[in-house]
Amino acid sequence: MTQTPPLAPADAAFVEKLRAVLPDGTLDTASARYLEEPRGRYVGHKTVLAKPRTTKEVATLIRHAGQARVGVVPYGGGTGLVGGQIASEGPAPLILSLERMTAIRAVYADENVMVAEAGAILADVQQAAADADRLFPLSLAAQGSARIGGNLATNAGGTGVLRYGNTRDLCLGLEAVLPDGQIWNGLTRLRKNNTGYDLRHLLIGAEGTLGVITAAALKLFAQPAQMGTALLVVQSPAAALKLLGLARAQFGEMVSAFELMHRQGLDFLSETMPELRQPFAESPEWTVLIELGLAADMDPEEGLGALFASASEAGLVLDGVIAQSTAQAHDFWTIRESIPEANRRIGSVSSHDISVPLGAIPDFIAQAGERLARLGDFRVNCFGHVGDGNLHYNVFPQQGRTRADYENQRDAIKRCVHDLVDETGGSFSAEHGIGRVKVAELERYGDPAKLSAMRAIKAALDPHGIMNPGAVLRRM
């Protein structure tokens with residue numbers, strides 16, 4: 001295997017060369033927030049931070065980094081959970097933040113297209129769409145700080161995948177700077193463009209290892225005329241899947257979200273956020289949060305009531321609450337979206353962002369619990385976007401203990417869960433990406449032919465290995 005040339009640090013001489021070709025104020029010393037990630041497992045080098053204002057400035061930075069063999073770590077909102085935004089090994093890199101490139105360049109409401117710069121915060125992209133009476137459906141807990149460039153670079157999922165797809169499904173074209181400093185002007189609004197290799201899909205999900213996304217043409221959708229939201233208590237994960245089948249038979253593609261929550265997650269909310277109102281006096285074992293986006297001539301409460309009645313008759317649901325207002329629907333979603341924060345406060349031993357075929361979900365949950373019980377006594381919070389097969393299967397200490405007590409078991413727990421995922425034909429990374437945390441997992445579970453092709457693509461586009469070194473693929 002060809003060795004990648006060694007990298008140089010972003011030292012004072014390199015910084016001075018950049019200062020000579022960039023506007024004043026572009027460069028600074030990276031503060032702590034650029035050197036830490038949300039789970040606290042990685043800390044980056046103290047190094048130089050670049051905050052360009054234009055795509056040309058990004059190209060200048062990349063071109064000079066390539067000439068000097070300095071690594072470049074693209075930085076979006078810093079919300080990634082797999083260490084893709086933090087380089088803690090190797091020479092100090094250049095951190096390239098897109099936070100000043102926030103413009104909504106254009107909204108073409110009649111075409112259902114928006115052009116946004118990569119530094120635009122996801123919530124602002126959503127609002128710009130809403131201002132044009134359109135919907136940008138990507139929705140996730142960190143949308144107030146996550147940036148659209150990072151969402152694209154990681155192919156973020158979220159709660160709307162069931163109906164609208166992952167982030168790559170919401171993108172028509174990209175503008176990006178390639179590792180040699182060339183600007184790729186692929187910012188097309190076309191829905192059909194069959195002109196050779198699709199660099200858009202190559203860069204989306206590449207986590208900044210093949211270039212830096214600077215802008216995107218995004219798909220918009222009509223705002224649903226009516227919204228319906230309900231929390232339904234189900235007998236089991238198997239019952240939840242049958243309920244999903246009933247819902248899709250009744251509403252087709254108007255089912256916007258279908259989220260599964262286990263009692264443990266609700267108990268964590270009670271433990272860490274007692275002020276958060278929950279609709280049930282006692283936490284049910286399994287709950288489904290369902291959201292519908294309906295046509296104007298459909299009554300959400302009536303539709304959800306009919307769904308509850310048929311599901312109850314089939315023995316699938318035990319109880320339920322249908323939101324009577326937008327505020328109550330918001331409260332239901334606050335419960336679901338607060339679970340990750342409650343998890344953080346408890347402190348997991350090992351967290352897993354996984355996907356398995358829908359039909360395998362009930363057996364996976366049962367078998368994972370049995371296998372983990374052989375390793376020790378844990379609390380498990382299993383929740384997630386069950387409508388698209390994405391579970392967040394997180395393992396926690398028992399009450400009175402901390403995750404530090406289980407540190408020597410962390411690898412065994414992760415192997416236990418991921419081996420079972422692999423046996424079921426699933427993925428150890430559903431929506432968070434590979435970053436640096438899961439490089440070894442990719443090597444263990446990845447298809448050899450795919451890994452070989454990925455390394456060949458990386459070597460062809462980034463022969464000096466400057467782009468986000470050590471992320472996704474191990475630096476050779």
Please indicate, with yes or no, whether at least one residue in segment 205-216 is surrounded by fewer than 15 Cβ atoms within 10 Å (Cβ to Cβ) and modelled with pLDDT of 95 or more. no
Scanning segment 66-99 for residues that are touching a helix residue (DSSP H, G or I) at 6+ places or on another chain (Cβ under 8 Å) and of a type in the set (A, V, I, L, M, F, W, C), the one farthest from Asp353 (Cα to Cα) turns out to be Ala68
With Gly196, Gly158 as the choices, which residue is out of contact with any helix residue (DSSP H, G or I) (no Cβ under 7 Å at 6 or more places or on another chain) and surrounded by 18 or more Cβ atoms within 10 Å (Cβ to Cβ)? Gly158
Can you confirm whether segment 119-134 contains a residue that is within 30 Å of Arg69 (Cβ to Cβ) and open to solvent by less than 50 Å² (accessible area, probe 1.4 Å)? yes
How many of the residues in segment 113-145 are within 24 Å of His392 (Cα to Cα), modelled with pLDDT of 95 or more and small (Gly, Ala, Ser)? 1
Kindly indicate whether any position in segment 426-437 is in a helix (DSSP H, G or I), on the phi < 0 side of the Ramachandran plot and modelled with pLDDT of 95 or more. no
Selection count, segment 100-118, where residues are touching a residue at least 24 places away in the same chain (Cβ under 8 Å), among the acidic types (Asp, Glu) and surrounded by fewer than 22 Cβ atoms within 10 Å (Cβ to Cβ): 1
Pick from segment 30-64 the residues that are over 23 Å from Ala118 (Cβ atoms) and touching a strand residue (DSSP E or B) at 6+ places or on another chain (Cβ under 8 Å): which of them is modelled with the lowest pLDDT? Val43
What are the pairs with Cβ atoms under 7 angstrom where one residue, in segment 223-234, is over 30 Å from Arg263 (Cβ atoms) and the other, located anywhere, is part of a strand (DSSP E or B) and open to solvent by 30 Å² or more (accessible area, probe 1.4 Å)? Sequence gap at least six, or different chains. Gln223/Arg134; Gln223/Leu135
Return the total of residues in segment 1-21 being surrounded by fewer than 18 Cβ atoms within 10 Å (Cβ to Cβ) and at pLDDT 90 or above. 11
Check on Asn343, in contact (Cβ under 8 Å) with a residue 60 or more places away in the chain and within 30 Å of Ala247 (Cβ to Cβ): yes
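Would you check which residues across segment 22-35 are in contact with a Lys or Arg (Cβ under 9 Å, 6 or more places away or on another chain) and either surrounded by fewer than 13 Cβ atoms within 10 Å (Cβ to Cβ) or more than 18 Å from Arg63 (Cα to Cα) (or both) and list them? Outline the logic, then answer.
From segment 22-35, those in contact with a Lys or Arg (Cβ under 9 Å, 6 or more places away or on another chain) are 23, 25-30, 35; that's our starting set.
The answer is Pro23, Gly25, Asp28, Thr29, Ala30, Leu35.
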List the residue pairs whose Cβ atoms are under 8 Å apart, where the first residue sits in segment 430-446 and is over 18 Å from Gly389 (Cβ atoms), the second is in a loop (DSSP other than H, G, I, E, B) and among the acidic types (Asp, Glu), and the two are 6 or more positions apart or on different chains. Ile434/Glu207; Gly435/Glu207
Kindly indicate whether any position in segment 190-211 is on the phi > 0 side of the Ramachandran plot, in contact with a His (Cβ under 9 Å, 6 or more places away or on another chain) and either hydrophobic (A, V, I, L, M, F, W, C) or in contact (Cβ under 8 Å) with a residue 24 or more places away in the chain (or both). no
State yes or no: is Gly228 open to solvent by 20 Å² or more (accessible area, probe 1.4 Å), out of contact with any Lys or Arg (no Cβ under 6 Å at 6 or more places or on another chain), of a type in the set (Gly, Ala, Ser) and closer than 30 Å to Gly315 by Cβ? no
Every residue in segment 36-58 that is open to solvent by 20 Å² or more (accessible area, probe 1.4 Å) and not hydroxyl-bearing (Ser, Thr, Tyr), please. Glu36, Pro38, Arg39, Gly40, Arg41, Val43, His45, Lys46, Lys51, Arg53, Lys56, Glu57
Having 1 or more residues that are over 21 Å from Ser429 (Cβ atoms), open to solvent by less than 50 Å² (accessible area, probe 1.4 Å) and in contact with a helix residue (DSSP H, G or I) (Cβ under 9 Å, 6 or more places away or on another chain) is the bar; report the strands (runs of 3 or more DSSP E) wholly within segment 331-414 that clear it. 379-385
Restricting attention to segment 59-97, which residues are open to solvent by 20 Å² or more (accessible area, probe 1.4 Å) and part of a strand (DSSP E or B)? Pro74
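Let's see how each residue does on (1) farther than 23 Å from Ile86 by Cα; (2) of a type outside the set (A, V, I, L, M); (3) open to solvent by less than 50 Å² (accessible area, probe 1.4 Å):
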residue: Asp422; (1), (2), (3): yes, yes, no
residue: Gly425; (1), (2), (3): yes, yes, no
residue: Gly435; (1), (2), (3): no, yes, yes
residue: Ile457; (1), (2), (3): no, no, no
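The values are calculated or read from the model by the stated rules, or taken from the named source; none is laboratory data. Every value quoted in this text rests on a predicted model; they were computed, and no experiment measured them. We place every Cβ from the backbone using ideal geometry, glycine too, and count neighbours over all the protein chains shown. Heavy atoms of the whole protein, side chains included, go into the accessibility calculation; ligands, DNA and RNA do not. Shrake-Rupley method; radii C 1.70, N 1.55, O 1.52, S 1.80 Å.
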